[in-house]
Amino acid sequence: MKQDNYPYEPEFSFRQTIESQWENILYLWSKKGKLIAFGIIGALLGIAYARLKPVSYTSRLTFVVEESKAGGGSLLSGLAGQLGFDLGGLSGTGGVLAGDNVQQLLRSQKMIKNTLLTPFVDSGSVSVADEYARTAKLSESWSKKYNNGKPIKFNLDPKNYTRLQDSLLQVIIKRITDKELTVGKPDKKLSFFEATVTMHDETIAKVFISRLIDQATRFYIETKTKRQRNNVNRLQARADSIGLLLNQKTYSASEANGVMLDVNPAFPTANVKLELKQRDKLVLQTIYSEIVKNLEISRTMLIQETPTFQVVDEPELPLKKNRTGYLLSIIYGGLIAGIAGALYLLVSRKNSVNN
């Protein structure tokens, strides 16, 4: 008779499954003393965890960004703005820093680094990075491990930083970006943004989020208005130089006019010099008036292109304290330890039966 090479697989029985599970329940009930002991140990571990886990503080700041109205940037748009009309919407607004890109700007390495390298206290020499590294115990551990016990400090000028200072600063930036800083929009339909940071020091959390918004505001506005602001500066310099020349020509023409009072009328070319000076003065007057007009138009356009970066809610002390509650720690610790103990007892029973 030909034998089947495949092992025999018993048919599935729902009744046998229930009976086996019921046997496990009865077995665990008989070991309830051990399970209670496991639960007590887990509850004690939960209490220890809640007691030893450091407290963190959450600093929250809400701000709104209103984009510029003069999107076209043409002279016609600026002239219309002087007359009370807005033609910027015809060409639309946008750009690298438009809309949701503000969120990425706040989380950029440049903004976080600039914030860390600001004075922790106004007019002080200690930077925010120094206080962060001290409270997070990064400065102490790195100085013992890499710098022969010498403290690692971050002065406000990063040009002369050593490789060790740059490395620690990058670790701090990555830690803040990955674990502590979040930027988002509470409502996608609105222009409100919310930036939150959670740190183990209350004062640092408040200072950091406020300085971060200040850094981003300056960078955002300067970038959005850089082209138009440079144009205003060039026109202003041109107007100053033409105005100075016009003043000189005015005095020169006045002197030539005074000389003409004593000139012999018999000389037909005696008034040529006066006419040349008056012509130069008239040309400079025409150029100066056009430059001043364009300068005022450019100033109007600059005002219209400047976005509004307004803080709505600022963090105030005391900040929200994040602490694990003892009751939840006891419940979770007891449940986890009890389940782990039950699994251990069942596996031990199965191994003893098989042996």
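Coordinate-derived values only; no laboratory data. If you're wondering where the values come from, they're calculated on a predicted model, not measured in any experiment. Please note: Cβ atoms are built from the backbone with ideal geometry, for glycine as well, and neighbour counts cover all protein chains shown.
Please give the net charge around residue 126, taking every other residue with its beta carbon less than 12 angstrom from that of residue 126, where Lys and Arg add +1 and Asp and Glu add -1. Walk me through the intermediate numbers first.
On the way: positive: 134, 153; negative: 122, 130, 131.
My count for the surroundings of residue 126 gives -1.
Extension gain, residue 306-residue 323: 0.36 nm per intervening residue step, less the Cα-Cα distance, totals 1.9 nm.
Students often get this wrong, so check it: of 53/206; 153/206; 32/53, which have C-alpha atoms separated by over 24 Å? If you can, show how the numbers build up before the last one.
Details: 53/206 21 Å; 153/206 21 Å; 32/53 31 Å.
Table pairs above 24 Å Cα-Cα are 32/53.
Around residue 348, what is the net charge, scoring Lys/Arg as +1 and Asp/Glu as -1 over all other residues with Cβ under 12 Å from its Cβ? So the environment of residue 348 carries a net charge of +4. Per-residue extension of 0.36 nm, minus the Cα-Cα distance of residue 248 and residue 135, leaves a gain of 34.2 nm for this segment. In this rough spin-label picture, where each label sits 7 Å from Cα along the Cβ direction, the residue 286-residue 121 distance is 6.5 nm.
For the cross-link pairs 179/224; 113/174; 249/293; 137/174, the ones whose C-alpha atoms lie over 19 Å apart are 179/224; 249/293.
Could you tally the net charge around residue 285, taking each other residue with its Cβ under 11 Å from the Cβ of residue 285, Lys/Arg +1 and Asp/Glu -1? Show your work: numbers first, answer last.
Values: positive: 249, 279, 281; negative: 280, 290.
Taking every Cβ under 11 Å from that of residue 285, the sum is +1.
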